[in-house]
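Below is one structure, written out as structure tokens; the observations come after it.
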Amino acid sequence: MLDFVRLLTRRYQTILSHTRDGAPIKLLDNDTLTSLVLSEAFLEKGELLERHPSLPVQIVVIGPTQVGKSSVVNVLLGDEYAGVSPLAGFTTRPQGFALGLQDSDCSVIHHFFQGYGSIRSAEGTTQYDIYSLRLISTPEHPTFRSCVVWDTPDFDSIDAADYSDNLLRTVALADLILLAVSKEKYADETVWNMLSLIESLKQPTVVFLNKVSPEHSRAVIQSFSEKWAHSRSDPMPSIVSAAFLNEGLSPKNSVREHDQLIDYLRQANLSVNRSAHRHQCAALLKSHWTSWTDAVRQEQKMVIEWHRLVEVAASGAIEIYERYYLNHPQHFETLKRALAELLTLLEVPGVAPLLMKTRQLLTWPVRYLLGLGRHESADSGNEAGTSQETQVLRRMLDHYLIHLSDAVLSKRTDYDGHEHWWNEISSLLKTEQPIFTESYNRAVRGYQTEFHHEIEAAAHRLYDKLKQQPATLNSLRATRVTTDAAAVAIALKTGGIGVQDFIITPAVLSLTSFLTESALGHYMRRVEAELKQRQLNAVRTQIFDSVLSQQLKSLPTRMVPNNKFNISEISLREAEAQLHEF
């Protein structure tokens, strides 16, 4: 599960960093990224606890800007350890203070922050991807001698987005949350957004309400309690209230607040239940899963829709092939090719030796069946010398690509916020059209070469059927038309005549009429139907399914990855299965 959340987080980060400001996908996904970063860190804490169950208690102080978070840390620690400033946003990196610990005790925490720079003090630096962890000694409160207190950056300033990742990582590490707010900031939306975000972590919380005069304290606490009840489902936490002090909050003037904090944190620590961490992880993941995966599913939906468009375009092209070739009475040539093969099997006296010699010289390759002389001119673009099937196949490709391009353009309005995806598909479709065309033409040549075996097989079936009807066979051999037709067949195979000329030759027309009107007529029609079906299947599978459609369906994998998730349906299903078992 952690691997999938990591993958999803990195993909969101990449997409957001490469998406222009104001784009719908950017506006939708910033909050999602926040919950992902937090969840990833919380899952990592679970692994950390499995390896190091004696991890020291982690107390994390959070809050908006200018509420005195660093001062609250100092009050808790009983000395001036955290740097304070009247300037907003002074603390921009997590600062940890380890009480009663040794360097060896802190190695686990350093491992948790791997990838972030570690320095002795985070003050005075301009980097955001750093943290500090400092060993300190305070003998006053033995209960909290083996713990780490963290001072964190704010989550509501203009620059908060720059250091939000290490803030969220520190929050995920927390066993106890100490929320610092002031009378001016406790009602801010950012405060309650953060509290709602971390609710699933089930971290016991204590609130430090700063800068509240005694006469307003009760009213502010009452208001805070109402907001808590509205935003959270867990019980209202303990609140320490501190008055506004001109000289600022410090350990020297806040003894009462210090003692209250220690007491409340000690009570809160009793409810820390690390054994429930896995259950808390599951609750966190499930609460955000839909929002995390919506954009992924949308992208998968577009890929599925693209595949559907490719299949629809292929079906349209196949319909053209059926209408203008297979079912066209003047254009269908395959049976006539089978008749040409049949003529080579008929041992007509005087012609058979010549046919045998031609077979030995040419070995009957399909390139000769299609012709050399006039068909070479067809390869150079002269459609007049091209077989009817080849002409139809070429028109099919044009129709296919035009239909597909139009369909892609119409889809841009159906996927609001994802127009860039369809625009990129459209662009790739245009730029890679020469590649598709070459692959298609190669597939056509391969199909026609391979299908010649089917034509030969059909001729053999006809010949075998003729041998079962000696009277018909002898009558056919007795006619002069057979010899004439056989000679025409030789011309066809040696490239001296085209398929169309072969078909309309009087001798071949007479032969066709003779076979159709004979007892073999019904069988010929069955052979013709079988040839049409096999030819249709061959065109569909060998040209479209195996080559062109497959290439086009893979087009999304060649799109620029910077603004794509590229997470498969299988990966998502596997992650969801893990989530249900979590």
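Quick notes
- Applying Stokes-Einstein at 4 °C and 1.567 mPa s to the Kirkwood radius of region 513-582, computed over alpha-carbon pairs, gives a translational diffusion coefficient of 76 µm² s⁻¹.
- Note on M236 and N327: the model spin-label points, each 7 Å out from Cα along the C-beta direction, lie 7.8 nm apart.
- Using the Cβ-Cβ distance between R266 and N537 with R0 set to 51 Å, the FRET efficiency works out to roughly 0.05.
- Counting heavy atoms of the protein chains alone, E581 has an accessible area of about 150 Å² for a 1.4 Å probe.
- In this structure, the amide hydrogen of S241, modeled 1.01 Å from its nitrogen in the peptide plane, lies closer than 5 angstrom to those of L209, counting only residues at least 5 positions away or on a different chain.
- Amide H contacts of I567 (H built 1.01 Å from N, in plane; Pro and chain starts excluded): no residue 5 or more places away or on another chain comes under 5 Å.
- Extension gain for K430-S54 works out to 129.3 nm (0.36 nm per residue, less the C-alpha to C-alpha distance).
- Paramagnetic reach from E184 in region 223-254 [backbone N under 20 Å; point 7 Å along Cα→Cβ]: 223-224, 241-250
- Built amide H within the under 5 Å cut-off of C147, gap 5+: L99
- Computing FRET efficiency as 1/(1 + (r/R0)^6) for H111 and N423, where r is the C-beta to C-beta distance and R0 is 60 Å, gives about 0.85.
- Once divided by 2.2 N^0.38 Å, the Cα radius of gyration of region 244-302 becomes 2.12.
- Rounded to the nearest 20, the size of the Cβ-charge dipole of region 138-261 about its Cα centre is 400 debye, with Lys and Arg at +1 and Asp and Glu at -1.
- The alpha carbons of region 385-459 occupy a box of 58, 23, 19 Å along the principal axes, longest dimension given first.
- Added length on full extension, which subtracts the Cα-Cα distance from 0.36 nm per residue, H216 to Q578: 125.3 nm
- Region 310-318 - phi-based ³J(HN,Hα) in whole Hz, Karplus 6.51/-1.76/1.60, Gly and Pro as x: 4, 5, 5, 5, 5, 4, x, 5, 5
- Summed over the residues of region 203-355 and divided among them, the accessible surface reaches 48 Å² per residue at a probe radius of 1.4 Å.
- Accessible-area composition of region 380-454, carbon plus sulfur, in percent [1.4 Å probe]: 49
- Remark: region 325-337, residue by residue, has Karplus-estimated 3J(HN,Hα) of 9, 4, 9, 8, x, 8, 9, 6, 10, 4, 5, 5, 5 Hz, where x stands for each Gly or Pro and the curve is 6.51 cos²θ - 1.76 cosθ + 1.60 at θ = phi - 60°.
- Of the solvent-accessible surface of region 226-265, computed with a 1.4 Å probe and all protein chains present, 51% belongs to carbon and sulfur.
- Viscosity 1.567 mPa s, temperature 4 °C, Stokes-Einstein D of region 174-242 from Kirkwood C-alpha radius, µm²/s: 106
- If R0 equals 25 Å, the separation of the Cβ atoms of K286 and S571 corresponds to a calculated FRET efficiency of about 0.85.
- For region 182-308, the orientation-averaged shadow of the C-alpha convex hull comes to 11.3 nm² (one quarter of the hull surface).
- Multiplying the residue separation of L16 and T449 by 0.36 nm and subtracting their alpha-carbon distance yields 150.8 nm.
- The modelled label-to-label distance for the pair R442/S315, using points 7 Å beyond Cα in the direction of Cβ, is 2.9 nm.
- Ranked by the mean number of other Cβ atoms within 10 Å per residue, highest first, peptides 64-72, 92-100, 396-404, 534-542 order as 64-72, 92-100, 396-404, 534-542.
- In sequence order, calculated HN-Hα J values of region 406-416 (Karplus, 6.51, -1.76, 1.60; Hz; x Gly/Pro): 5, 5, 5, 4, 6, 6, 4, 7, 8, 10, 4
- Peptides 301-308, 161-168 ordered by packing proxy, namely the average of other Cβ atoms within 10 Å per residue, highest first: 161-168, 301-308.
The values are calculated or read from the model by the stated rules, or taken from the named source; none is laboratory data. Only a predicted model underlies this, so the values are computations on that prediction, with no experimental measurement involved. Cβ atoms come from the backbone with ideal geometry, glycine included; neighbour counts cover every protein chain shown. Heads up: the accessible areas ignore ligands, DNA and RNA and are worked out on the full protein's heavy atoms, side chains in. Shrake-Rupley method; radii C 1.70, N 1.55, O 1.52, S 1.80 Å.
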